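FYI, it's all coordinate maths here, none of it is from the lab. Because the structure is predicted, anything quoted here is derived from the model rather than measured. In this analysis, Cβ positions are derived from the backbone assuming ideal geometry, glycine residues included, and neighbour counts consider all displayed protein chains.
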Amino acid sequence: MPSTNIHLTKKLEKLVKKLVSKQPEGSDALLGNWNATVFYVDRKKCWLITNAITKYNVVLTDIKASNLKNIEHIFKNALYGQLVYDGIITDFETINAAIGSLQFLPTNNDRSTLGFQNHSLEALDWWKYQYGGLDNMAIKELTHRLNTSPFHKGGRRGRNNYTDAIKEMKVLLLG
């Protein structure tokens, strides 16, 4: 069975020590590696999880220590809900098979993805003050805004080399 690797920032790794594996086991799943970091809204822990290939973001809100035993289920449901919100229509079983099991690993120092996450955290920080508390924030809408932000996908600088995370995830999932 394939497994999806989620590399944690050192800050998040300290909070979820029990989940962290030292060595990846099994093969990479269709969606490749993800990177996760923690941020706070109203003193509640939230996770920003970003796909390294597509730069697609998923936000998990109000994650407590008691949620960690169900984190795989929480992540898959949040990813599926965000995909549906973003107009990437597929069934849950396709997503479940594409992800497989989750492995939480120490940071891989993927500078591109970590830099992209830092930029996304700045936007979330600005929206946090605009909307007030976590209860007032439309998380799927804010994550959709992050996923529609254009980024350069490599190669020469030009209009054709810019894309957004939703387009890239559609290509990866739907072909």
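The Cα center of segment 1-49 and the Cα center of segment 113-135 differ in position by 19 Å. Helical content alone sets the calculated 222 nm signal of the chain at -12000 deg cm²/dmol, taking -39,500 (n - 2.57) per DSSP H segment of four or more residues and averaging over every residue. Database remark: amide H of residue 52 closer than 5 angstrom to the amide H of 33, 34, 35 (H placed geometrically; neighbours at sequence offset of 5 or more, or on other chains; Pro and chain starts carry no H). The overall shape of segment 105-175, judged from the alpha-carbon gyration tensor, is prolate: a/c is not under 1.5, and a/b is greater than b/c. Looking at segment 3-174 alone, DSSP beta bridges between its own residues are antiparallel in about 60 percent of cases. Among the GluC sites (Glu not before Pro) in segment 1-80, those located in a DSSP loop and surrounded by at most 11 other Cβ atoms within 10 Å of their own Cβ are 25. Beyond 32 Å in Cα-Cα separation lie the following of the pairs 18/153; 22/55; 22/128; 17/167; 69/153; 14/167: 18/153; 22/128; 17/167; 69/153; 14/167.
Comparing 56, 129, 80 in a Gaussian network model of the chain where C-alpha atoms under 10 Å apart are linked, the largest mean-square fluctuation is found at 129. Mean-square fluctuations from a GNM of the chain, with a 10 angstrom spring cutoff on Cα atoms, peak among 17, 55, 140 at 17.
Short-range pairs are left out: with C-alpha atoms under 8 Å and at least six residues apart, the relative contact order of segment 3-174 is 27 percent. Descending by average beta-carbon neighbour count within 10 Å, the peptides 33-42, 58-67 line up as 33-42, 58-67, the highest first.
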